[in-house]
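Enquirer: Provided herewith is a single structure, encoded as structure tokens, for subsequent inquiry.
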Amino acid sequence: MTRWGLLAACALIAAPTTAKAPERPAPKLIVAISVDQFSADLFDEYRPTFTGGLKRIAGGTAFRNGFQAHAATETCPGHSTILTGSFPARTGIIANDWTDQRVARSDKTVYCAEDERVPGSSSSAYTVSPVHLRVETLGEYLTAQRAGSRSVAVAGKDRAAVMMSGHKVDQRWYWDGKKYSTDQQGKAPPKAVTAINNAVAAMIAAPALPLTPPPGCEAKSKVYAVEGGGKAVGNGRFARAAGDARAFRASPAFDGATLALAAGLIGEMGLGKGSQPDLIAIGASATDYVGHTFGTEGEEMCLQMASLDRDLGDFLSYLDAQKIDYAVVLTADHGGNDIPERQRERGIPTAARIDPNFTVTAIGKQIGQKFGLAGPVLWGGSVGDVWLDAAIAPAMRPKVLAAAVAIAKAHPQVAEVFTRSQIERTAVPTGSPVGWTPIQRVRASFDKERSGDFVVVLKPRITPIADTKTYVATHGSLWDYDRRVPILFWRPGMSATQRNDATETVDIMPTLAAMLGLKVDRKVIDGHCLTIEGVACPAD
């Protein structure tokens, strides 16, 4: 079954053009969509080619300079900002995972969406949980203040679904590598989940033929040999061997399945048709997997953008046919950085892969030999948060920290190294994210309980992947190619407004809360309500 068959399985049909409407009450359904790794650069590049759902959504109020303003531009922190209105410094979600040497298991890595207290668990074999999210989401505000409202989340990643829906949710479904699963126990799965899981299983079991690229994508077809693994990318068309679930995940068909499941749940649950408004959060994850596997500027990403545009168009047509009064916001959890091999050809001579010898293990070993220390000395990665080993004596810790910082700073690929004390002395930044300094960006990601003893920042366009056998490109830096994302608000009948001013993903939640007439204490969030058509922002 093709991805179009999945959409048909949920009865997605075309709908008549919606006439422009006068002033209206709050919508009955909020559709919050996060397209994983959908950078503002991708949005700007492909916007002229969009003819489907992305064109329609961009035809409302389009902020092309939205920001995931913090430094830790990863999936979990990014998703934690979208519907909470708060930076990772407040949500507590500092990264996809972090080190906690206090946990009662040999694996000291903690995954952002797990409950590490579960016996026998590890950061890779875990129980999905929102326990680490320290704040409430829009869905939790909605269901607490509007009796009868429902909150639903569907995503290609568990962390996307969890961070956008929070602790209390009516339905939450995410791809677990084989099927769409839930962390909610004791509930019979909706019929839509069973139908989509059966359809996807059949799709994966059969081989997939290569996609036929439109002319614009053919122009991007060029093979690049990637350093560090012998892999070649640039002209892939998503042909897939039978049974290859990993290749399915890194293909346009993945978003088609997720959107089909979202449509099925909307129909089965009657979302948007009750007396009170409902919310569905959707995490479209394929763009991220395509970006990691092939880079952001090849034929593969071109095909992904075209397919996502069509799938979103079918999804919106389904909502139209259901005669639901709905509003859409679309954004991303972070941006992305293309493969350095292609970037150098495109005029970025400094683009490079990280030195494979620059590792936390190597630095720790060097320091251990200098001071006669056993054990790992350092925990974490060579980029981002790094922790000193808890076994190091208090009197020795300043010496170890100074030595580690000096070694990291001396590396030619390192831009900055900030210690915990430097970060703690920095105020959480406010105002336009464009002018934030590197340490201010790091501060917006800093949590006193979870963050490292120091943070390593690579220079722009240094890709922290040396071994490219699996992934060839990534994100996660504090530079604007990873921070800048589109923020698009659309509702049928909304006037087209292009906004070039900088805004932030933390502004989405208070804006939607105002649209719904919900009360949110401004003191417990970081975002501000945006002035857009149809939204009356409350006075601060």
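Enquirer: Could you sort out which of K448/K469; K28/K168; K231/K365; K179/K323 sit more than 27 Å apart by Cα distance in this structure?
Expert: Pairs exceeding the cut-off: K448/K469; K231/K365; K179/K323.
Enquirer: May I ask you to compute the full-extension gain from K469 to K519, defined as 0.36 nm times their residue separation minus their alpha-carbon distance, rounded to one decimal in nm?
Expert: On the way: separation 50, 0.36 × 50 = 18.00 nm, distance 4.91 nm.
Fully extending the segment from K469 to K519 adds 13.1 nm.
Enquirer: Post the alpha-carbon centroid distance, the stretch 441-456 to the stretch 173-210, in whole angstrom.
Expert: Using only Cα atoms, the two centres lie 37 Å from each other.
Enquirer: Suppose only helical runs count, i.e. DSSP H with n ≥ 4. What mean residue ellipticity at 222 nm does that imply for the chain under -39500 (n - 2.57) per run, divided by all residues and rounded to the nearest 500 deg cm²/dmol?
Expert: Working: 20 runs with 178 residues, N = 540.
Taking each H run of at least 4 residues, the total per residue is -9500 deg cm²/dmol.
Enquirer: Arranged by the count of other C-beta atoms within 10 angstrom, fewest first, what order do E297, E74, E449, E533 take?
Expert: E449, E533, E297, E74
Enquirer: Using 10 Å bins from zero, what percent of all Cα-Cα pairs in the stretch 36-142 falls into each bin?
Expert: Final binned percentages: 13, 34, 28, 17, 7, 0.
Enquirer: Rounded if a/c is under 1.5, else prolate if a/b is larger than b/c, else oblate: which is the stretch 279-399, with a ≥ b ≥ c the root eigenvalues of its Cα gyration tensor?
Expert: Numbers: a/c = 4.81, a/b = 2.03, b/c = 2.37.
Verdict is oblate for the stretch 279-399.
Enquirer: Still on this structure, please answer the following. For the chain, which DSSP H helices look membrane-span-like by this rule: Cα extent along the axis of 15 Å or more and mean Kyte-Doolittle of at least 1.0?
Expert: 191-205, 252-269
Enquirer: Using alpha-carbon positions, what is the distance between the centroids of the stretch 265-283 and the stretch 225-264, in Å?
Expert: 29
Enquirer: Taking the Cα centre as origin and putting +1 on Lys and Arg beta-carbons and -1 on Asp and Glu beta-carbons, what dipole magnitude results for the chain, to the nearest 20 debye? Intermediate results must be reported in sequence, preceding the final value.
Expert: Values: 59 positive and 55 negative charges, 61 e Å.
Dipole of the chain, to the nearest 20 debye: 300 debye.
Enquirer: Still on this model: If you wrap a convex hull around the alpha carbons of the chain, what volume per residue comes out, as a whole number of Å³?
Expert: With only Cα atoms used, the chain gives 145 Å³ per residue.
Enquirer: Here's something else I'd like to know. Can you grab the distance from the C-alpha centre of the stretch 296-341 to the C-alpha centre of the stretch 385-407, Å, no decimals?
Expert: 45
Bear in mind that the values in this text are calculations on the coordinates, not laboratory data. These numbers come from a predicted model, not from an experiment. A quick note on method: Cβ atoms are made from the backbone with ideal geometry, for glycine too, and the neighbour counts reach across all protein chains shown.
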